[in-house]
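First up is the structure itself, then whatever we jot down about it.
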Ligand SMILES: [Fe+2]
Ligand SMILES: [Fe+2]
Ligand SMILES: [Fe+2]
Ligand SMILES: [Fe+2]
């Protein structure tokens, strides 16, 4: 049922040996006390940076470090994340909404990748902020902790950086800017209302949206490699945010952005899984900084198996 | 004019030698490239943890580590932050609002420190979220970056952890819970409207609110030391969040919370300083991860002098 955030990178295709390799870089054992653990987190974060581990997506990408070796690995070892099988009515509603949006936006953009990405990202930066804000206020009212909030707000930061990176590559015209402002205003209010009514369906919707984003960026990479899009230099804001090499290109940027979307896909489907309708229980999702390697290993393997199954059932949307 | 976030701890009382000491632990030089810098941030964060530096308040306290030595230092070397001198009408409005709120809340609570703290913190968790959300949306619309957002959202996380820590110490009765829910609902909407109209005054207001919070927690410490409040064990959630020693007490908790409030005071006054009314310029505030030590040193000294002056003019609110 559960998906660990730390292992999203190769989640669907792990072999046991890959798991071992990643687990050896895990953060701290469940027996450590609150005092040493913080210290060990810092130490492990440093080790992870130095080891060029694929586990480079941590809670926030603000402090991430993505050298050439990591870029090569996420390119070479990328596996499309599985389509989450829609089972309930809620799932199907979320799934259909995304399919509709996808068709609708295809009418407008077709091969204008960067413009399409800008619209996609300005929309994508809304749900994390709405969900983070709503959960924050819920915690203040109910006075029960919930460890999603930071992850959701980090997601909205992450999407904002996607948007700003593309903005440095192209100056949208007035029509596009107007479209972005209207789309954002409409989507913010719509999503806020939906989140009041049914957060479970909303997170499922975002999960599907992210699956589409992964597909879009995979197509982007394909057309970059086919020479249909010019592989310009990555903008400085992106080099700073993801800690990319100084000579990073648009292709490197798309690689890390796609990887972020894979993360968001796992996070949102997991949160949707965990939300019990009519329940006020404080719900915890996996946080690789705060759990023991043993727990994660088991749940990852379980998820791995499940992912493989769902992937075969639904090879494409 | 500017205040560096990293040096808030002893900001008003630095001697030159203290500055040197802290600067030797600064994060990276302005000449480093985007690639190495991320790596060095991790390394420096680790060094800071290990050195028990007073510079333990970083952008987010999520990964902070506060051993006994740091607790002793922030206790021994604490200096009340200066009152920001209200100059403009906007400042005076913000200042009067906080004075009014202070008197109003004194009527209700008097010596009930933990209950008072809960009300204070449930209110305090609102502005960071409102300001972070509004700035996030503004960036999406204007497509110009702004580096406050993470700092503001981290502030709201920080305040939420203050609230949850106190919640583990006392179970508020139904009246108090109701009061919290009403206060939060009213304040959220009021602050949101005010932030639409005049964010500059709003951040000034928060700056003053934080100055009051520092005073309140200083009184709390005084009464703890006088034996008027029982120095119970710190709750587990606080030990985890601040990385406190396993045997941390309520007194240790109040020490780190007070230090957080000093941070918030500096952040909000600085943001208010930087906001130009009728300006859409992307405004950057100091971020000790992203600036050179030289810049910070100068501005800190300048601020230090300014603080001393304002402090003499207004020794108390
Ligand atoms: Fe994105
Ligand atoms: Fe995304
Ligand atoms: Fe607080
Ligand atoms: Fe505060």
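The values are calculated or read from the model by the stated rules, or taken from the named source; none is laboratory data. Being a predicted model, the structure only gives us computed values, none of them experimental. Don't worry about glycine lacking a Cβ; one is built from the backbone with ideal geometry, like all the others, and counts go over all protein chains shown.
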Quiz item: Within the group A:267, A:232, which residue is modelled with pLDDT of 50 or more, touching a strand residue (DSSP E or B) at 6+ places or on another chain (Cβ under 9 Å) and more than 14 Å from chain B (Cβ to nearest Cβ)?
Solution: A:232
Quiz item: Just a yes or no: is a residue in region B:127-139 closer than 13 Å to residue B:209 by Cα and either buried (at least 19 other Cβ atoms within 10 Å of the Cβ) or touching a strand residue (DSSP E or B) at 6+ places or on another chain (Cβ under 9 Å) (or both)?
Solution: yes
Quiz item: For region A:147-168, how many residues are within 20 Å of residue A:113 (Cα to Cα) and surrounded by 18 or more Cβ atoms within 10 Å (Cβ to Cβ)?
Solution: 10
Self-check item: Pairs where the first residue, in region B:155-176, is more than 11 Å from ligand 4 (Cβ to nearest atom) and the second is outside any helix (DSSP H, G or I) and at pLDDT 90 or above, C-beta under 7 Å, 6+ apart
Solution: B:165/B:235; B:168/B:235; B:169/B:232; B:169/B:235
